[in-house]
There are 2 protein chains.
Amino acid sequence: MAEKEYRIVFRPENGAEHEAYAREGATLLSVARSAGVAIDAPCGGAGTCGKCKVRLVSGDVASARGRHISEEDFASGYRLACESSVIADAYVFVPASALAWQSQIRVDISDSESSREKIDRIRRGFADAGFAVDGGVRNVRALLTPPSLDDAEADRERLLRALGGSASSISLHALRKLPTALRDGGFSVDCLVLGGGAVIDVGNEAMRPVGVAIDIGTTTVSALAVDLDTGEVLSAGSAGNGQIRYGADVINRLIESARPGGAERLRKAIAYECLAPLTANICESAGVEPSRVARLSIAGNTTMMHLLLGVFGNHLRMEPYVPAFFSACGLTGADIDIGVNPGAEVFVAPSVGSYVGGDITAGALASGIYRTALGMDGGGEGASLFIDLGTNGEIALSGEGFLMSCACSAGPAFEGGDIRCGMRAMDGAIEAVRIDADTMAPDLSVIGGAEPIGICGSGLIDLIGELFRCRIIDARGKFVRDGDRIGVDEWDDGKYYVLARGDDDAPDIILSEVDIDNFIRAKGSVYSAIRTMLEVTGMEAGDLGRVFIAGGIGSAIDITSAIRIGMLPSLPQERYEYIGNTSLTGAYMTLLSKEARDRLEEIRGSMTYIELSAHPGYMDEFVAACFLPHTDASLFPAAP
Amino acid sequence: MAEKEYRIVFRPENGAEHEAYAREGATLLSVARSAGVAIDAPCGGAGTCGKCKVRLVSGDVASARGRHISEEDFASGYRLACESSVIADAYVFVPASALAWQSQIRVDISDSESSREKIDRIRRGFADAGFAVDGGVRNVRALLTPPSLDDAEADRERLLRALGGSASSISLHALRKLPTALRDGGFSVDCLVLGGGAVIDVGNEAMRPVGVAIDIGTTTVSALAVDLDTGEVLSAGSAGNGQIRYGADVINRLIESARPGGAERLRKAIAYECLAPLTANICESAGVEPSRVARLSIAGNTTMMHLLLGVFGNHLRMEPYVPAFFSACGLTGADIDIGVNPGAEVFVAPSVGSYVGGDITAGALASGIYRTALGMDGGGEGASLFIDLGTNGEIALSGEGFLMSCACSAGPAFEGGDIRCGMRAMDGAIEAVRIDADTMAPDLSVIGGAEPIGICGSGLIDLIGELFRCRIIDARGKFVRDGDRIGVDEWDDGKYYVLARGDDDAPDIILSEVDIDNFIRAKGSVYSAIRTMLEVTGMEAGDLGRVFIAGGIGSAIDITSAIRIGMLPSLPQERYEYIGNTSLTGAYMTLLSKEARDRLEEIRGSMTYIELSAHPGYMDEFVAACFLPHTDASLFPAAP
């Protein structure tokens, strides 16, 4: 006898009902996913993040209350979807808050000042690196002799004859359009020709050779539409990574991808829900048909590249942490499947390990740290460090004759994950904090200037640094002063700091001891990773000539705050430089320059990957770094 | 206000209901197509073939009776779908007879004697041509060092290292399977490697290198699964061309393909409904996964190739009759989209004109007639003629220093089209006829030996030849003797010959004067084409050393009958040879041999295409040939 199935209806806020049938014991989260209802679950359904809060309208589910739901809300039907099991038919309302990922996939075509600044930084990086724009893709106008009964040569052969030596093949995509284009144009036609001589598109007006550079972050995706002749950035945009509903971090996504159909599900989530609309939008803004994009350059971490290509990546998360591929060569637009020309050339930045991906090789390229390692700086620049703070933290160290990298298990704290009121660096995020040591009043800088709705990575670094400077928390991150005037309150879970008071519509923005603890572990993992790498190479922090900070944790982090909390080594300010999204910069460089692609391949070939967890002494370093600023106070002589 | 739409429900015999909504004036045929109900319409919906007869169960349509529906049937609700317009909601029953194409798409894996004979003929042709099997595709077993924390190289790079020089790239399809295959096999893996060094598949057991040769006929599709190392034919099959519901001939299909979405609709009809199941079936019979097929070789007429690739082909049917392409190079399995390996190599036989396609260049290759033209016969063989009788007729003439081809507008009569009781050469078809001049009783040979259900091309040639020999019809194809004993009866439309009496279940099998007229025009077009080509080259029929007959009009045509009716020149029997499906033989040759592919390219380069309709004198030749045997009796000295 077939097992009984229950009927579960989901009604997303602002959306139509979705119906599904499920067996007893299935979680509401998994049933929602199978029904195509995208409930947010950054923790991957582990019950820890509390984002998948839905409301049971009728029917029943089996669900314990847990700490994320108040008694009052529980009585009103609120449940965590990941913690609720099917036991009967049910009608479930999904509030917008649980569908948050959808609004994150909005596509921004930014021509704001900050966007222009970012683009200037990228173009300056390219020029400073000494790379030259290669071009390679051309528009060629062909004039054909019209056919007649005496000359009935086929369109394809007629075109190749007219193009002479400037093209040698015609893609199927172009062939399908050729007969109409020829006749619409009176047997004159414009051809988009790759460097190798392949005609990949035809039309009746000159086609600007355009490429797209993409950084696929675990949380955010950024892209640029670029003129391949001049390097001009025609438009830029970003969007949330649609895979986030399967987990905020790479581990949960890999677990999901290993489930039946998972690899294809995650591939579609990034390709169709994110990259395709983002590409369409930046192309529209640039005045180019997406189907005419002739080249793609993509950088991202190793997991993102596996999920983009639909390649089974479950072994990335299991010892001995082996990717399916470092490099993916010979791909075309059809393989990437995001609406660009199927014959487009595709470059994917190579990885060096499961947790050091193309975003880091691209970052090593963009930051220029490789020059010392590859003996290209004339011996003058000395050792340098590159730190990429994204959803994960990765570090590369370059010295004479070596290039080394590692991944620190920083978790998503720098992007606001694992922090109750944490959020990405977007409008409404508190990105800088000062606390007046006399009045104890916090002074907040909010992105976009509006009312704050949360706090992002750079704000957290500031806030914890200020709480420590004002001795509101101690070296273990525990509140040592409290009271209303100071802003420290207490509840069941322990004490917390109130950064901004809310009202009926908006909750308070707070930082709890649990949040502080999570953040201290994140900063400790970064510092201990740096220490371990220095130790492996027999260097000290003072030997570092330059330290480059990259990532999307805020428009810029305050280095003083970061040193104060013991996240970055105590070095003179001027040795530090914030260089933005280097994964995107690297993708831009390799989009335009063969020399940059060759250099990237050299970087991949020479970069050693250090698996910290296998390194003796790392755990001791980590434990020692989980204090403010550090158990070894001599490392931070300027600390309060 | 939106125009009102009516609800039309189709209930195919032995199938589920299909619902569609349509505006007033739409034909039932077009509505059925949009609803995915495949109603047969060999005439393309012109109202002439009468095959799309459906029954109105309830509701109403606007429809005149016409000659295909009796008054009684009309009263019972029978209507031609192509002649009925929507005027109200309707419920329409679609009898199996109107869905006939579906049964034609059944896939036969033949190991019958006739199938073995065909395969023997193909293999003999290959050997006689002096071609050698190239191989090229290999299975390579790779033994890898398992990864460890100290050696965490990625799977792809690890495999390439293990393969050393024997492979240089790994396709995305193979990459997706690699991690699991490696671990299932204890880091030993079998790789399917193309000649160029691309790994296109991986697995855990040795993969036999298999290719598929395909002939795409307008009516019938044939395919062979072939061992690429030995040339052994592992299995063979055939199926009806699923596009037939859009028209029996190429013109109607080109018209349909030019409608919105038509190119993709026709592409899917051949790729998904016909080639994919046919390939799956012959592969199953050969014990090979279709996704492991490493090479395809395809031949077919110019229209079929355009429709297969989804290339706009409407200009094929319009002066000056220019194809979109002669050759299609660089295609892969993904482009053909029939379930074979996406990285499979694909060869498509090139065309020389809109109506002389890859089936004819392949036929020139398979028949060997090219040898004289290319100076490869040592001057001994003399001129030869190649005649392919399929849904269309094409002719190639080879002499010293020239290779010439033309298409004759024979129409589908040789495959039973335009003939009331005509059918393809399949079980139940009368393939040979003798009439006893004394008793006037017909003696029938039926394919499969069962009760006859119709008559195929070879049977028609015999029957008309016999009717003429017995003076039942005159030189104009009109009945000059009648009466029950002779088998000639009369109705509204004129006289007809009864070949076999039916009963309550089966109608009589008859041949009307209209049928004879259609057939005489078909045979006249073949003969006049031959005459015109001879005339162009200054030759006479007697100069022809060999005449090769190819095509699927019956297991073999009776040359005496064909000469008797004036379809083929009056030459000694021994100069004629029936050589079967040369399009398939050519596809088999080019599947296995690079030399054959080179030769085919030479054939394409040297073959001149004669457009008969543009040739002065052709019409006179045609009119003169529309008699039995011909107006110039001196051409057929042996005629009765």
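Let me have the 222 nm mean residue ellipticity of the protein assembly as shown computed from DSSP H runs of 4+ only, each contributing -39500 (n - 2.57), with the sum over all residues rounded to the nearest 500.
Numbers: 38 runs with 368 residues, N = 1280.
Helix-only estimate at 222 nm: -8500 deg cm²/dmol.
Rounded to the nearest 20, the size of the Cβ-charge dipole of chain B about its Cα centre is 1100 debye, with Lys and Arg at +1 and Asp and Glu at -1. Using 0.36 nm per residue and subtracting the Cα-Cα separation, the extra length available between A:Ser409 and A:Arg65 on full extension is 120.8 nm. Spatially, the stretch B:128-148 and the stretch B:369-412 are offset by 38 Å when compared through their Cα centroids.
What is the Cα convex hull volume of the stretch B:166-228 when expressed per residue in Å³? Please report the intermediate quantities before stating the final value.
Details: hull volume 7.4 nm³, N = 63.
Spelled out: Cα convex hull of the stretch B:166-228, divided by residues, is 118 Å³.
With R₀ fixed at 25 Å, the C-beta to C-beta distance from A:Lys594 to B:Leu149 puts the FRET efficiency at about 0.10.
For the pair the stretch B:274-298 / the stretch A:553-607, the C-alpha centres are spaced 51 Å from each other.
Compute the Rg/Rh shape ratio of the stretch A:189-335: radius of gyration over Kirkwood radius, all on alpha-carbon atoms. Let's see the in-between values first.
On the way: Rg = 16.7 Å, Rh = 16.3 Å.
Computed over Cα atoms, the ratio is 1.02.
Residue farthest toward the positive end of the dipole of the protein assembly as shown, with Cβ of Lys/Arg at +1 and Asp/Glu at -1: which of B:Asn14, A:Ser168, A:Ser351? Of the candidates, A:Ser168 comes out farthest on the positive side.
Using the structure shown, list the pairs from B:Lys495/B:Lys523; A:Lys177/B:Lys51; B:Lys478/B:Lys523; A:Lys177/B:Lys268; A:Lys118/A:Lys523 with a Cα-Cα distance above 24 Å, or answer none. Could the numbers behind the result be given before it?
Details: B:Lys495/B:Lys523 21 Å; A:Lys177/B:Lys51 35 Å; B:Lys478/B:Lys523 16 Å; A:Lys177/B:Lys268 18 Å; A:Lys118/A:Lys523 26 Å.
Over 24 Å apart, Cα to Cα: A:Lys177/B:Lys51; A:Lys118/A:Lys523.
Sorted from closest to farthest, the other copies place their B:Asp184 label points 4.6 nm away, with each point set 7 Å from Cα along Cα→Cβ.
Taking a cut-off of 17 Å, what percent of all Cα-Cα pairs in the stretch A:138-203 are separated by more than that?
Distances greater than 17 Å cover 30 percent of the Cα pairs.
Using θ = phi - 60° in the Karplus curve 6.51 cos²θ - 1.76 cosθ + 1.60, the 3J(HN,Hα) couplings for the stretch B:157-162 round to 5, 5, 5, 4, 5, 5 Hz; x is entered for Gly and Pro.
When every Cα-Cα distance of chain A is counted in 10 angstrom steps from zero, the calculated P(r) takes the values 3, 15, 23, 24, 18, 10, 4, 2, 0, 0 percent. In terms of other Cβ atoms within 10 Å, A:Met318, B:Met440, B:Met305 run from fewest to most in the order A:Met318, B:Met440, B:Met305.
In plain terms, the chain from A:Asp436 to A:Ala614 could stretch by 59.7 nm, reckoned as 0.36 nm per residue minus the Cα-Cα distance.
Rounded, prolate or oblate for the stretch B:193-239? Axes are the square roots of the Cα gyration tensor eigenvalues, ordered a ≥ b ≥ c, and the cut-off for rounded is a/c under 1.5. Prolate, since a/c reaches 1.5 and a/b exceeds b/c. Taking label positions 7 Å along the Cα-Cβ direction at both A:Thr631 and A:Val57, the computed distance is 5.5 nm, reported to one decimal. In this label model, B:Arg124 and B:Thr48 are separated by 4.0 nm, measuring between points 7 Å along each Cα→Cβ vector.
Taking the number of Cβ atoms within 10 Å of each Cβ as an exposure proxy, the fewest-first ranking of A:Val210, B:Val623 is B:Val623, A:Val210. Sorting B:494-502, A:535-543 by their mean Cβ neighbour count within 10 Å, with the most densely packed peptide first, gives B:494-502, A:535-543.
For the rotation that carries chain B onto chain A, the axis lies closest to a Cβ at B:Ala334, 4, where the number is the distance in whole Å. A crude spin-label estimate for the pair B:Ala638 and A:Thr560, with each label 7 Å from Cα along the Cβ direction, gives 11.2 nm. Inter-copy label distances at A:Gly59, using a point 7 Å along Cα-to-Cβ, come to 3.5 nm with the shortest given first. Across the protein assembly as shown, counting alpha-carbon atoms alone, Rg and Dmax equal 37.6, 130 Å.
Would you mind calculating the relative contact order of the stretch A:5-103 from Cα pairs under 8 angstrom and at least 6 residues apart, reporting the percent as a whole number?
Working: 216 pairs, mean separation 38.4, N = 99.
Taking the mean separation of contacting Cα pairs over the length of the stretch A:5-103, I get 39 percent.
Rank these for me by crowding, B:Asp201, A:Asp443, going from fewest to most other beta carbons within 10 Å. Let's see the in-between values first.
Values: B:Asp201 26, A:Asp443 11.
Sorted ascending by nearby Cβ count, the order is A:Asp443, B:Asp201.
Taken over the stretch A:5-103, the alpha-carbon convex hull comes to 82 cubic angstrom per residue.
Regarding the stretch A:120-264, what's the average projected area of the Cα-atom convex hull, expressed in nm²?
Averaged projected hull area, Cα only: 12.9 nm².
The loop-placed GluC sites (Glu not before Pro) in the stretch A:130-228, going by DSSP, that have at most 10 neighbouring Cβ atoms within 10 Å of their Cβ come out as A:Glu205.
In plain terms, the chain from B:Phe402 to B:Asp484 could stretch by 24.2 nm, reckoned as 0.36 nm per residue minus the Cα-Cα distance. Can you figure out the FRET efficiency of B:Ala96 with A:Glu157, using R₀ = 35 Å and their beta-carbon distance, to the nearest 0.05? After rounding to 0.05, the efficiency reads 0.20. Seen from a random direction on average, the alpha-carbon convex hull of the stretch B:413-519 projects onto 6.2 square nanometres. By the Cα gyration tensor, the stretch B:1-62 has an equivalent ellipsoid whose semi-axes, rounded to whole angstrom, run 20, 15, 11 from largest to smallest. Position B:Asp517: other-copy label points at 9.7 nm, ordered by increasing distance, label point 7 Å along Cα→C-beta.
Bear in mind that the values in this text are calculations on the coordinates, not laboratory data. All figures in this text were calculated on a predicted structure; none of them were measured in a lab. FYI the Cβ positions are ideal-geometry reconstructions off the backbone, even for glycines, and counts take in every protein chain you see.
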